[in-house]
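The values are calculated or read from the model by the stated rules, or taken from the named source; none is laboratory data. If you're wondering where the values come from, they're calculated on a predicted model, not measured in any experiment. Note that each Cβ is placed from the backbone with ideal geometry, even for glycine, and that neighbours are counted across all protein chains shown.
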Amino acid sequence: MTPGRRFRIYLLEARFQVLEVLREPMFAIPTLTFPLILYLFFGVIMGTRGVSLAVPTYVLATYGVFGVLGPALFGFGAGLANERDTGVLLLKQTTPMPAGAYLFAKVMAALIFGAIVVAALFLTAAHAAGVALYRWQWFALAGVLLAGVIPFCALGLAIGAWAGGRSAVAVVNLVFLPMAMLAGLWLPIYMFPDVMQDIALALPAYHHAQLALKVIAMDAGQSVPMHLAVLVAETLVFLGLAALGFRRADGFLMRRSR
Amino acid sequence: MKSVRHLIGRSPTWLLIGVAVFIGVLATLPVPQAAEDPARRVPQETFAIVDVTAFDGEAFREGWDVWVEDGRIRHAGQRLDLPEDLPRLDGRGHTLIPGLIDGHVHSFLSTLRDALRFGVTTVLDQSTDPAFAAAHRAARVEVARGTEADLFSAGMAATAPEGHGTQYGIPVETLTGPDEATAWVRARQDEGSDWIKIIYEDGSAFDMEIPSLDGETVAAVIAAAHAEGLAAVVHVSTLETALQATAFGADGLVHVWHDEVVSAEDARRFAEAGIFVVPTLSVMVSAEDTAVAELLRETDEAMLSAIQRQTLAGRFPGGLAEGGNVAMENVRRLRAAGVRLVAGTDSSNPGTGAGISMHGELRLLARAGMGSAEALAAATSVAADAFGVAERGRIAEGYLADLVLVRGDLEEDVSRSHDIVAIWKDGYLVERVVGSAGGEPQAETAPAPAETLVAGFEDGFEASFGAWDVTTDQMTGGSSSVNVGVRDGALVVTGEIAPGLAFPWAGVIWMPGAQPMQPVDFSGREVIRFRTRGDGRQYAVMLISSAQPAGPPPTVTFIAPEEWTQLEIQLEDFPTATPEIIAGLAFVAQGPVGAYAFEVDEVEVR
């Protein structure tokens, strides 16, 4: 296969993936609107009662993490398990499409949905809550938030590799909502008891949120290399788990394309 | 295959459009107002301005680094080997010039503050109240933070009884003949005059009759000044008196004449005599003139002090309609003949304003044919050399760090000179507000007192300057609480952080200013030092500055351990551009929710 043709397959698969998700309003609407509604409530309505913009600024970062977490986890976790159950995955497996195109398409879909959520959150924060950040902060925050798609996709991949199509949505929800809560995405972490704060240290969403908060100087003051190291390590663990899961199941995504 | 290619062909386009929209959204989001003001972020005292186009007093130099240390220029040149930790300001896109020198000023009240606010760091005063000059001469030798331009002055001017210069209500010791010259000059020398100014003005160029010194007396005063080692400059308004003063050996003429256009031959005589001329076109060309009117339109009115507004609005009775053109032509011809020209405004005469008119004068000199470098030299190095003012007017090693950073390319267009990014006087950043520089009451940034100890809590909840208060998140809708008390000479802070807010806090705040939340400038201080002990939980010092972005104040956290411990927080560790500007310093508990207890003692800003 020529590199040009391979590139086209990647793009084409990505396009179809986005279209597929868009045509699934049961998925698209909640992932796009849920972070926004939460932000409107906690960030804008409750957060702007006082004179300080601290609350809407703080929760902008954490709901941003929440916003990119959803598409990545659901797209990979639930989407993949579902496609395997319905046989779509098997069908794709019979085509000459490289396994990489399939993964690429899912990551792209997560990125695009994440970017839409981030843009919507930023616009709401700026215009409804009056949040103002330095130009570099807006860009850096967007960059950090979108980069978080990588570990969350890896986590989704691991779930999708192990869970069955029916149970995947339940499993993803079991991971998604508690993690968002425990990582301090809804309410700041320091409002929880110590035990729960210790749990947070194990969660990728916590470290991702701390990096996002670092951009606006509202983080807990831990070191950036530590957060990055945890995120990289956990991403590798998730990818390893996913590989094991696929090897166990059907070998798809493990096969080398020719 | 065709349809597939069609689809593929479109997806990158849509992707690119999507990315562009996303970046477009990010680029149009609001930013804090203060962040847009580059002057807020310029370093102070010891720093470097790097990669800037510098006008060194003679020519424009591309890609220069200018290293300022302890109020002076330590090095200036291309690609300096600067220390790693030297704070630096990226000068790209800007032009750095020496602080401007106004060669003809009459100073009073707020003149020196008004001048500095517009980048005129040195004023060459051509007669003022000797007491005013004496009071301000001391400041020019200090390399220290100040709010005024340096003053060099002739002090009292030599004139005849009832002559020009006696009409201002300041007592003037007049002269009636050449035999009084030596005693008069010595009296000026005793008063501290930096040079001698002589008024040779009979009013003829203004269709008036004014008593004037005669030529003999003017010559005698010039000779006496030279005998005492002082330079002598002469006020003239006619070609004839200009030629006479030159023949008498005057060092400079502090106006160009406007009665008749100088011939090429006479222009050469001025050049050959080596005399310099301060044309003061600002008072020759009327304020209705487009150059000045445009400048005023481009100037933020809030930058003008009450006196500047008043004098700018003034008009000479009668005016100088045709005379202005003659004066302009004379400048052209003198320049062509090679006569040294010094920029000066004759502010604050009617139609001029201290400081601001210097930018008008640069425009007028450019109109008289000067290039940008030539006009700026007339306003810096040439002026300094003409009046023997040392250490000023150049960007060179050892010179005072009197600097003006102007937006854009000044070489291309000198009329940009008023678009000032930052002014440094003796290496200190000048705050360009009328409030602090113009002497008008406003909520201004106050200088810090010399003492470093904020509070030892020996006599209760008191600060040695400023005031303490409590602060909680109740002001943003929270319900955290705080109790303060003083026990054994230390401040005891207890309370509870209540749930319900993303960013809860409670604790104490120290406000250094005379009024609550008035910013105070702690430039030169580096550390917040304090002793603390407590329950082992994490606390924070929040620095509330005058210029902070929206969102929480810059914060540095600390742990209050069980045993008394002295902690130091570097001011530069606060994530803010201006940690030295402090309106409030809060010692607070933040999350987690729950009770807290800590003590603070011996708070210092040093």
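The residues of segment A:74-106 that are within 14 Å of chain B (Cβ to nearest Cβ) and crowded, with 22+ Cβ neighbours inside 10 Å, listed by number, are A:Ala101, A:Ala105. In this structure, B:Gly584 does satisfy being under 28 Å from the mean Cα position of the chain (by Cα), at pLDDT below 90 and surrounded by 20 or more Cβ atoms within 10 Å (Cβ to Cβ).
Of the residues examined, B:Gly252 is one that is within 30 Å of B:Ala135 (Cα to Cα) and not polar (S, T, N, Q). As for segment B:558-574, it holds no residue that is in contact with a helix residue (DSSP H, G or I) (Cβ under 7 Å, 6 or more places away or on another chain) and in the same structural domain as B:Gly456 (by TED's automatic domain parsing). Inclusion of B:Thr494 among residues that are closer than 30 Å to A:Val59 by Cα and either among the acidic types (Asp, Glu) or at pLDDT 85 or above (or both) is warranted. Among the residues of segment B:34-55, the one identified as out of contact with any Leu (no Cβ under 8 Å at 6 or more places or on another chain), at pLDDT 50 or above and closer than 17 Å to B:Gly93 by Cβ is B:Asp51.
Report whether or not B:Glu572 is modelled with pLDDT of 90 or more, surrounded by fewer than 21 Cβ atoms within 10 Å (Cβ to Cβ) and charged (D, E, K, R). Criteria not met by B:Glu572.
With respect to the numbered conditions (1) modelled with pLDDT of 90 or more; (2) farther than 26 Å from B:Pro553 by Cβ, which one is the sole condition not fulfilled by A:Ala101? If we test A:Ala101 against (1) modelled with pLDDT of 90 or more; (2) farther than 26 Å from B:Pro553 by Cβ, just (1) comes out false. Take the conditions (1) at pLDDT below 90; (2) closer than 21 Å to B:Leu151 by Cβ; (3) touching a helix residue (DSSP H, G or I) at 6+ places or on another chain (Cβ under 9 Å); (4) not charged (D, E, K, R); B:Pro441 misses just one of them, which is (2). Scanning segment B:341-373 for residues that are hydroxyl-bearing (Ser, Thr, Tyr) and in contact with a Ser or Thr (Cβ under 7 Å, 6 or more places away or on another chain), which turns out surrounded by the most Cβ atoms within 10 Å (Cβ to Cβ)? Ranking the candidates gives B:Ser357 first. May I ask you to verify whether B:Gly594 is modelled with pLDDT of 85 or more and within 14 Å of chain A (Cβ to nearest Cβ)? Here the answer is no, as B:Gly594 does not meet what is asked. Name the residues in segment B:567-586 that are within 12 Å of chain A (Cβ to nearest Cβ) and of a type in the set (A, V, I, L, M), would you? Passing the criteria: only B:Ala577.
Filtered by the rule that a residue be among the β-branched types (Val, Ile, Thr) and under 14 Å from B:Leu334 (Cβ atoms), segment B:233-253 gives B:Val236, B:Thr246. Among the residues of segment A:183-206, those that are within 28 Å of A:Leu239 (Cα to Cα), within 19 Å of the chain's Cα centre (by Cα) and surrounded by fewer than 20 Cβ atoms within 10 Å (Cβ to Cβ) comprise A:Trp186, A:Leu201, A:Ala202.
Only one of the numbered conditions (1) in contact with a Gly (Cβ under 9 Å, 6 or more places away or on another chain); (2) more than 12 Å from chain B (Cβ to nearest Cβ) is not met by A:Tyr58, and that is (2). Just one of the listed residues (B:Gly507, B:Gly500) is assigned to a strand (DSSP E or B) and either crowded, with 21+ Cβ neighbours inside 10 Å or modelled with pLDDT under 75 (or both), namely B:Gly507.
Any residue that is touching a residue at least 40 places away in the same chain (Cβ under 8 Å), part of a strand (DSSP E or B) and farther than 25 Å from B:Asp385 by Cα - is there at least one of those in segment B:68-81? No, every residue in segment B:68-81 fails to be touching a residue at least 40 places away in the same chain (Cβ under 8 Å), part of a strand (DSSP E or B) and farther than 25 Å from B:Asp385 by Cα. Scanning segment A:126-147 for residues that are at pLDDT 90 or above, of a type in the set (Gly, Ala, Ser) and in contact with a helix residue (DSSP H, G or I) (Cβ under 8 Å, 6 or more places away or on another chain) yields A:Ala140, A:Ala142. Taking segment A:146-207 as the region of interest, the helices (runs of 4 or more DSSP H) fully inside it that hold 3 or more residues being touching a residue at least 60 places away in the same chain (Cβ under 8 Å) are A:149-162, A:165-182. Does B:Gly536 satisfy the condition of being crowded, with 19+ Cβ neighbours inside 10 Å and in a loop (DSSP other than H, G, I, E, B)? In short, no. Considered as a group, the residues in segment A:1-48 that are acidic (Asp, Glu) and in a helix (DSSP H, G or I) include one that is surrounded by the fewest Cβ atoms within 10 Å (Cβ to Cβ), and that residue is A:Glu20.
Please report, ordered by residue number, the strands (runs of 3 or more DSSP E) entirely within segment B:451-494 with at least 2 residues that are over 43 Å from the mean Cα position of the chain (by Cα). Ranges flagged: B:481-487. Screening A:Leu141, A:Leu123 for residues that are buried (at least 22 other Cβ atoms within 10 Å of the Cβ) and outside any loop (DSSP other than H, G, I, E, B) leaves exactly one candidate, A:Leu141.
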